[in-house]
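The values are calculated or read from the model by the stated rules, or taken from the named source; none is laboratory data. A quick note: this is a predicted structure, and the numbers were derived from the prediction, not measured. Because the Cβ atoms are built from the backbone with ideal geometry, glycine has one as well, and the counts that use them run over all protein chains shown. Surface areas here come from the heavy atoms of the whole protein model, side chains and all, with no ligands, DNA or RNA. Shrake-Rupley method; radii C 1.70, N 1.55, O 1.52, S 1.80 Å.
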Amino acid sequence: MDGDILRVNGLKISYAVGDEKVRAVDDATFSIPGGSIVGLVGESGCGKTTVARGLTRVMTKNASIEGGEAIFDGADLMSMSETEMNRLRWRDIAFVPQSAMNSLDPVYRIEHQLNEVLVQRGGHSRKDARRRAEELFDMVGIEPRRLKDYPHQFSGGMRQRVAIALALALNPKLVIADEPVTALDVIVQRQILDTLKDLQEKLGISVILVTHDISVVAYVCDRIVVMYAGRVVESGDTETVLTKPYHPYTMGLYNAFPDLQSSAGVLTPIEGHPPDLRHPPTGCRFAQRCPFAQDRCTTSGEIALSDVGGGHFAACLRSDEAETLRGDAAKSETWAAMA
């Protein structure tokens, strides 16, 4: 669509595990509109972190990109040389890792680590780097005097703010945040998400927020991309996808989302577990856990995303029955029958 800063088409990423190959991301397709926060959501092992790292081309040695494209600002990230990618990292695309403590060098003061980015990668003078570091700390809500501190002197939430400051150091166009609030308590999570949202609006940047927590997506994201077993199964405007999902997996995720307006307080789990991606099933990969699966779901081959209206995409053969399926999916007994 017009105004997209990133368009991912048919991305395929595999891991070599012994003599076998695991296709962790298979034909992933989605877009990131400029100036938006897009949530990449799914349970553990669905491929969302692999997508995030694949977009920056910073992956483990046994990982390889086997197909697809990622058009960022008019150029394909997947076909760039390592030298070209290195020019983009930090300057145009920045990464906020899952564990801020592991991303910060414990033996260097924070000021030194910011200077390393600002001076060596950004070309700032030492004086300008100091000024920029103080500005970044102000932006993320940390007193500039604490630039002299070491990582262990910060709380978990403060370290996450430092990681965000590092990511924003060179004014990137796109920030990819991998589970940035997972290890934090709910109060600090709210503060970090508010900070991220505020900075995104002020700076006009785009953000990919990788998370397994659908409540985080509902709180802060403009759009949502739902992944299951390495494939994108649904995407669109967050409010629309969460209130009118077309894929049964999204319906199941919504049932596991606490509703503070309801007195029932009943959460319905999705029974079972994702398939083994060394030998993925044919057809819909969610079929074995889906209460609405039919024979054709497992015999029709891979099911492509289709436009269900208004930029909302879903990969389900029964999307034309979505309204009826939503009603049944809201009943706990529908999912209990899969146990």
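Things to note:
- Degrees between helix 156-168 axis and first principal axis of the chain (Cα, 0 to 90, nearest 10): 80 degrees
- A simple packing score, the average count of other Cβ atoms within 10 Å per residue, orders the peptides 40-52, 213-225, 67-79 as 40-52, 213-225, 67-79, with the highest score first.
- For the range 174-261: rounded, prolate or oblate by the Cα gyration tensor [a/c cutoff 1.5]: prolate
- The range 1-100 - convex hull of alpha carbons, volume per residue in Å³: 122 Å³
- Of all DSSP-defined beta bridges confined to the range 1-98, some 95% are antiparallel rather than parallel.
- The range 101-167, accessible area per residue, ligands and nucleic acids excluded (1.4 Å, Å²): 51 Å²
- In sequence order, calculated HN-Hα J values of the range 19-36 (Karplus, 6.51, -1.76, 1.60; Hz; x Gly/Pro): 8, 10, 10, 10, 7, 6, 10, 10, 6, 5, 9, 6, 9, 10, x, x, x, 10
- Lysine pair count for the chain with Cα-Cα distance under 17 Å and sequence separation of 8 or more or different chains is 8.
- About the Cα centre, charge dipole magnitude for the chain (Lys/Arg +1, Asp/Glu -1 at Cβ), debye: 1160 debye
- Hydrodynamic radius of the range 74-202 per Kirkwood, over alpha carbon pairs, in Å: 15.1 Å
- Residue 139 sits with roughly 50 Å² accessible to a 1.4 Å probe, with DNA, RNA and ligands left out of the calculation.
- Since only 166, 180, 267 are under comparison, the one whose Cα sits farthest along the positive direction of the charge dipole of the chain, derived from C-beta charges on Lys, Arg, Asp and Glu, is 166.
- Calculated P(r) of the chain - Cα pairs past 30 Å, %: 38 percent
- Peptides 230-237, 24-31 ranked from most to least packed give 230-237, 24-31, packing being the mean of other C-beta atoms within 10 angstrom over each peptide's residues.
- Cα-based helix-to-principal-axis angle, 126-139 vs the chain, degrees rounded to 10: 40 degrees
- Using C-alpha pairs under 8 Å with a sequence gap of at least 6, the mean separation divided by the residue count of the chain gives a relative contact order of 19 percent.
- For the range 62-97 versus the range 141-190, the gap between their alpha-carbon centres in whole angstrom: 24 Å
- Among the GluC sites (Glu not before Pro) in the range 265-339, those located in a DSSP loop and surrounded by at most 14 other Cβ atoms within 10 Å of their own Cβ are 271, 302.
- Cα-only Debye scattering, the range 101-167: base-10 log of I(q)/I(0) at q = 0.17, 0.25, 0.27 Å⁻¹: -0.51, -1.12, -1.30
- The amide H of residue 232, built 1.01 Å from its N in the peptide plane, has 29 as neighbours under 5 Å, considering only residues 5 or more places off or on other chains.
- Within the accessible surface of the chain, defined with a 1.4 Å probe on protein heavy atoms only, the carbon and sulfur portion equals 49 percent.
- Qualifying chymotrypsin sites (Phe, Trp or Tyr not before Pro) in the range 94-164, where qualification requires a DSSP coil assignment and no more than 14 other C-beta atoms within 10 Å, comprise 108.
- Projecting the Cα positions of 36, 334, 9 onto the charge dipole of the chain (unit charges on Cβ atoms of Lys, Arg, Asp and Glu, taken about the Cα centre) puts 36 furthest along the positive direction.
- Antiparallel DSSP beta bridges within the chain, as percent of all bridges there, nearest 5: 60 percent
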